[in-house]
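Notes follow once the structure below has been shown.
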């Protein structure tokens with residue numbers, strides 16, 4: 001249960017700080033400062049959470065990462081289900097907290113959807129959005145599997161590497177899809193936006209569920225192949 005609580009807190013924090021920053025400063029590529037602040041908000045939150053709950057749950061705080069770890073043999077199916085439930089609930093709680101803060105404080109939401117993802121940057125093309133999310137998640141999960149591998153020798157720097165990789169994929173992805181690479185991070189804000197009367201994010205949220213999960217699965221299978229080749233060479 002402690003692992004699930006850690007995942008809940010980690011995902012909630014990611015949504016509050018990441019999506020909250022996007023809501024406050026915007027994430028239009030034309031407004032470079034807001035764009036970069038949003039990218040760093042997500043990445044630096046991962047760095048902080050890695051050293052906060054990483055020793056308890058591994059700090060997945062992302063169903064796509066948990067899927068990659070599951071396929072790679074790093075967790076059981078029952079734990080995977082528990083992690084995903086905790087992550088989605090954490091994202092919803094984080095979005096709810098943002099809704100309270102921004103509505104009670106009468107603060108303008110620059111994204112118009114609680115930091116939810118959209119397809120405006122790819123001309124509303126679901127296919128293009130899927131491709132973006134698959135590629136970015138593939139890169140992100142490959143880095144995570146590599147840096148946390150038993151053969152890796154990155155020690156206490158793993159959290160920094162993972163966090164700054166998330167910054168990097170956000171720098172490319174924000175202007176295209178808002179960058180999800182995390183189904184929970186997309187589901188929470190989309191639901192809260194729909195409750196608030198904005199149904200646009202919920203209508204395309206499937207892209208940000210399917211894309212990251214496919215990208216994570218591909219990363220896990222590719223990494224398994226690469227790792228198995230290394231083992232053969234050692235023999």
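Just so you know, all these numbers are worked out from the coordinates, no wet-lab data involved. Please read all numbers here as calculations on a predicted model, not as lab measurements. Heads up, the Cβs are rebuilt from the backbone with ideal geometry, glycines too, and the neighbour counts pull from every protein chain shown.
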Neighbour-count ranking [beta-carbon atoms within 10 angstrom, fewest first] of 7, 227: 227, 7
Relative to the longest principal Cα axis of the chain, at what angle does helix 183-195 sit, 0 to 90 degrees, rounded to 10? 20 degrees
With a 10 Å Cβ neighbour count serving as the proxy for reagent exposure, in which order, fewest first, do 228, 116 appear? 228, 116
Determine the distance separating the Cα centre of the stretch 148-216 from the Cα centre of the stretch 1-33; give it in Å without decimals. 10 Å
Relative contact order, percent, of the chain when contacts are C-alpha pairs under 8 Å separated by at least 6 residues? 30 percent
Test of understanding: ordering 78, 203, 180, 149 by Cβ neighbours within 10 Å, fewest first, what list do you get? 78, 203, 149, 180
At R0 = 22 Å, how high is the FRET efficiency between residue 151 and residue 51 if r is their beta carbon distance? Nearest 0.05 is fine. 0.50
Nearest-ten-degree value, helix 2-14 long axis tilted from longest Cα axis of the chain: 50 degrees
Sticking with the crude label model, points 7 Å out along Cα→Cβ, report the distance from residue 221 to residue 107 in nm, one decimal please. 4.2 nm
Longest principal axis of the chain (C-alpha) makes with the long axis of helix 126-147 (C-alpha) an angle, in degrees to the nearest 10, of 50 degrees
Could you tell me the distance between the Cα centroids of the stretch 88-131 and the stretch 51-79, to the nearest Å? 24 Å
